[in-house]
Amino acid sequence: VANENKAFHGAATSANTSGYDLGLKYANGPLMAAVTYNAVRFGDTDSTKASDLRVGGVYNFGVASIRAIFDRVRLDDNFGRATQNVFGLGGTFNVTPAGKIIGQAYLARDVKADGKSADDTGAKLFVIGYEHSLSKRTILKAVYSHLNNDKNASYDYGISAVGLNSVNGTAGMSTDGATLQGVQIGVRHSF
């Protein structure tokens, strides 16, 4: 990661951030397996370090495929260590030569702070959708998702966030334990 020694969000001091990513992929016939690891040192006054280990695989049966992923996130700073494990399963089923049903389920386990579990800080995500190939490079896609937070968790959709963790949210509004639903409709074209 290129270190630019920039100040974040108008902070008076700059951070000397550094990091790296490593990955290894095996693909042969219907099997694909991969492992990735990334680590970042924020260079802040709290000595914050974050890392992420992912292991995943896909097996393609022709008319259907199945996939699995394990993700372990770790955050260390002057105040201690926090970790979280996420498990996921997914699959596809071809209903026509150009269309397939897709499904995924993820389980984020409770966050562990210094080895002790923080109760009810996990979440479950379920996704169902359909992809239709218009050509080898263009796909239409429609997806429905359901995110169910545990009572002490407030996960959101990230880039497609619905505002659950918004800084400008309603004062005093508790978002812990919220359930979110989303629909995504789009076109993907590969150049």
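Throughout, read-outs are computed from the coordinates displayed, never taken from laboratory work. If you're wondering where the values come from, they're calculated on a predicted model, not measured in any experiment. A quick note on method: Cβ atoms are made from the backbone with ideal geometry, for glycine too, and the neighbour counts reach across all protein chains shown.
Tabulated data for the structure shown
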read-out	value
All aspartates and glutamates inside 19 Å of LYS100 as judged from Cα atoms, apart from same-chain residues fewer than 8 positions distant	GLU131
Positive-pole candidate from SER133, GLY88, LEU75, dipole of segment 34-150, charges at beta carbon	SER133
Whichever lysines have a C-alpha closer than 28 Å to that of LYS151, once near sequence neighbours (fewer than 8 apart) are set aside	LYS49, LYS112, LYS116, LYS124
More than 22 Å apart - percent of Cα-Cα pairs taken over segment 1-151	59
Rounded to whole Hz, the Karplus (6.51, -1.76, 1.60) HN-Hα couplings of segment 90-107, x for glycine and proline	x, x, 9, 9, 6, 9, 9, x, 10, x, 9, 8, 10, x, 8, 9, 10, 10
Cα-centred dipole magnitude for segment 45-143, charges only on beta-carbon of K, R (+1) and D, E (-1), debye, nearest 20	500
Computed over segment 93-161: relative contact order in percent, which uses C-alpha pairs under 8 Å that are six or more apart	28
Unit charges on C-beta of K, R, D, E only; dipole of segment 14-78, Debye	340
Where a label projected 7 Å from the Cα of ALA34 along Cα→Cβ would reach, residues of segment 71-97 with amide N under 19 Å	71-73, 86-92
Full-stretch length increase - ASN148, ASP52 - with 0.36 nm per residue and alpha-carbon distance subtracted	32.3 nm
Computed lengthening from VAL63 to ASP119, 0.36 nm per intervening residue step minus Cα-Cα distance	16.1 nm
Residue list for segment 54-75, given a label point 7 angstrom along the Cα-to-Cβ vector of ALA27 and an amide N cut-off under 13 Å	58-60
Rg over Rh, two decimals, segment 29-80 (C-alpha only, Kirkwood Rh)	1.26
Qualifying chymotrypsin sites (Phe, Trp or Tyr not before Pro) for segment 72-138 [loop in DSSP, other Cβ within 10 Å: at most 13]	PHE79
